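The values are calculated or read from the model by the stated rules, or taken from the named source; none is laboratory data. Keep in mind that what you see is a predicted model, and the values were worked out from it rather than measured. Positions of Cβ are backbone-derived with ideal geometry, glycine not excepted, and every protein chain shown enters the neighbour counts. When the accessible area is computed, the model is the full protein with side chains, heavy atoms only, and any ligands, DNA or RNA have been set aside. Shrake-Rupley method; radii C 1.70, N 1.55, O 1.52, S 1.80 Å.
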Amino acid sequence: MLQEYARLKTDLEFRQRLHEVRGDLSPVPAARNGEDEPQFAMRSILALQRGPVHCPRNKMIFIEGDPAEYIFLLIDGVVRSCRSFSDGNRSIVCFHISGELFGFNGEQTHSLSAEAATNTTMLVLKRSAVLAMVARDGRIANFLLANTTKQLRRLQEHAVLISRNAQCRVATFLIDLSLRTGKTECLNLSMPHRDIADYLGLEIETLSRVITEFERSGLVARASNRTLVLKNRTQLMRMMT
């Protein structure tokens, strides 16, 4: 009971910090020389940020059905988007990594819950202020549309992925994460292995077995407990098809 009270208290404190974020209407900045549209849009959005906000591992950021009052930019760490069920089970449908926006899907409420998979640092943006800026500049609207479309595509690809064999799922996850992080060789798996297994629809023992198979085949090597070296990206990509 005391543990549940402490968790509820910290959740309320976190939500209070979010409500302290101001939603001032900042002017749309002028474009800089050599700056492309996505760079301009991100810089404009960041002009609204208040923070950063730090979230410890396993902290709930928002819950499915909550009002979508804020948009989040992840600065450090990993966030998992998931759905919980009445029987206590949970399904992870997406990971968000450093540099990515989350919490914006165009709806008034969140369709998924978001939790910190690791210790995280985020910038918090008032949704109303961002939408006001969108109304004044089409470049920012295009940027948010592209970001939302990319997330929807990732969700669609995930729905297809979990029907494939275990080797295909793990290979796809490793290559996709390496592309998103820009780490072509040493890949840091900062999220818990249990989260990865949940995301891929696998038992954690199956995930460990597949990674061991990849090691024996010379596809990957372990640099540490949480870091894999992708030694044969070409073969891993072949396994994705």
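A residue that is at pLDDT 80 or above, under 20 Å from GLN156 (Cα atoms) and of a type in the set (Val, Ile, Thr) occurs nowhere in segment 37-60. On the stretch given as segment 219-230, residues that are at pLDDT below 95 and not in a strand (DSSP E or B) total 2.
For segment 209-233, what are the residues that are among the hydroxyl-bearing types (Ser, Thr, Tyr) and either open to solvent by less than 50 Å² (accessible area, probe 1.4 Å) or within 22 Å of VAL160 (Cβ to Cβ) (or both)?
Within segment 209-233, THR212, THR227 meet the criteria.
MET191 fulfils the conditions (1) assigned to a helix (DSSP H, G or I); (2) crowded, with 19+ Cβ neighbours inside 10 Å; (3) within 24 Å of the chain's Cα centre (by Cα) except for a single criterion, (1). May I ask you to verify whether LEU236 is open to solvent by less than 30 Å² (accessible area, probe 1.4 Å) and outside any helix (DSSP H, G or I)? Criteria not met by LEU236. Selection of segment 162-174 for residues being in a helix (DSSP H, G or I) and either polar (S, T, N, Q) or at pLDDT below 95 (or both) yields GLN167, THR172. Considering ALA116, ALA129, the condition of being in contact with a strand residue (DSSP E or B) (Cβ under 6 Å, 6 or more places away or on another chain) and over 18 Å from HIS158 (Cα atoms) is satisfied by ALA116 alone. Is it fair to say SER178 is touching a residue at least 40 places away in the same chain (Cβ under 8 Å), part of a helix (DSSP H, G or I) and either open to solvent by 40 Å² or more (accessible area, probe 1.4 Å) or within 14 Å of THR227 (Cα to Cα) (or both)? So SER178 passes the test. Filtering segment 73-93 to residues that are of a type outside the set (D, E, K, R) and either within 17 Å of PHE104 (Cα to Cα) or at pLDDT 85 or above (or both) leaves LEU73, LEU74, ILE75, GLY77, VAL78, VAL79, SER81, CYS82, SER91, ILE92, VAL93. Restricting attention to segment 81-140 and to residues that are within 27 Å of SER44 (Cβ to Cβ) and acidic (Asp, Glu), the residue that is most open to solvent (accessible area, probe 1.4 Å) turns out to be GLU107.
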